[in-house]
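The values are calculated or read from the model by the stated rules, or taken from the named source; none is laboratory data. Small disclaimer: the values here were computed from a predicted structure and weren't measured. In this analysis, Cβ positions are derived from the backbone assuming ideal geometry, glycine residues included, and neighbour counts consider all displayed protein chains. Accessible surface is based on the protein model in full, side chains and every heavy atom, while ligands, DNA and RNA are left aside. Shrake-Rupley method; radii C 1.70, N 1.55, O 1.52, S 1.80 Å.
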Amino acid sequence: MMVVGLTGGIGSGKSTIAKEFAALGIAVFNSDEQAKALIANNAQVKKRIMAAFGEEAYQNEEYNRAYIAQIVFNNSEKLAILNGIVHPALAKYFKQWTKKQTSPYVVKEAAILFESGSYKDCNYIITVTGPEEVRIARVMARDHCTEAQVRARMAQQWSDAQRIALSNTVIENIDLESAKEQVKRIHFQLCQSL
């Protein structure tokens, strides 16, 4: 099964692009959503997070996202600890998920595809880009946070230039219609290459 990595900085519109691939009949694995599910439901992951970050990591059996975010987005060592717990569990689940798919290829949507090392499991990589001001505005509206909080998250991720250097292609997500056309073109090329 061909694995297509789909990545981009926070607010670049990865999920919008992923929906376009899904509309073409391609199975899409949303790494962020699946990681949240593992953090919320996987007993081993929960146990390891509490061991690393304390009992406050979960309140009333619910993941205390704000508490953890406050710690990890300002401390790269703590972020590495969290990623070291979540990413191996996510990689294992992704392999199981991939075996069940029947589309010509699968798309693995991941904000930190390169940072996590999971790009090594991809046969083809697409980076989604967009103007920084637009990305910041999208995230502030979506997550109800401040510009400073968005910039702190951005500082923990690779730059567009770093991602593009290791990608097969780039989708500029400025205008939705243009982005849809780019997705169709890439989809056609991928299907031709199989």
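Looking at this structure, is Gln149 over 27 Å from Met2 (Cβ atoms) and in contact (Cβ under 8 Å) with a residue 60 or more places away in the chain? Here the answer is yes, as Gln149 does meet what is asked. Within the option set Lys99, Lys108, being touching a Cys at 6+ places or on another chain (Cβ under 9 Å) and modelled with pLDDT of 95 or more holds for one residue only, Lys108.
Could you please let me know if Ala152 is of a type in the set (Gly, Ala, Ser), touching a helix residue (DSSP H, G or I) at 6+ places or on another chain (Cβ under 6 Å) and within 25 Å of Val86 (Cα to Cα)? Spelling it out, it is not the case that Ala152 is of a type in the set (Gly, Ala, Ser), touching a helix residue (DSSP H, G or I) at 6+ places or on another chain (Cβ under 6 Å) and within 25 Å of Val86 (Cα to Cα).
If you check Ser167, Ser159 for being small (Gly, Ala, Ser) and touching a strand residue (DSSP E or B) at 6+ places or on another chain (Cβ under 8 Å), only one passes: Ser167. With the structure loaded, tell me whether Lys95 is open to solvent by less than 60 Å² (accessible area, probe 1.4 Å), under 15 Å from Ala35 (Cα atoms) and basic (Lys, Arg) or whether it fails that test. Criteria not met by Lys95.
Every condition in (1) more than 19 Å from Ala22 (Cβ to Cβ); (2) not in a helix (DSSP H, G or I) holds for Lys95 except the one numbered (2). Screening Lys100, Lys46, Lys108, Lys36 for residues that are without any contact (Cβ under 8 Å) to a residue 12 or more places away in the chain and of a type in the set (Lys, Arg) leaves exactly one candidate, Lys100.
Selection of the range 54-89 for residues being within 19 Å of the chain's Cα centre (by Cα) and among the hydrophobic types (A, V, I, L, M, F, W, C) yields Ala66, Ile68, Ala69, Val72, Phe73, Leu79, Ala80, Ile81, Leu82, Ile85, Val86, Ala89. Of all the numbered requirements in (1) at pLDDT 95 or above; (2) farther than 27 Å from Cys145 by Cβ; (3) out of contact with any helix residue (DSSP H, G or I) (no Cβ under 8 Å at 6 or more places or on another chain), Lys19 misses one, and that requirement is (2). Note on the range 162-185: among residues that are open to solvent by 40 Å² or more (accessible area, probe 1.4 Å) and basic (Lys, Arg), the one that is nearest to Val134 (Cα to Cα) is Lys180.
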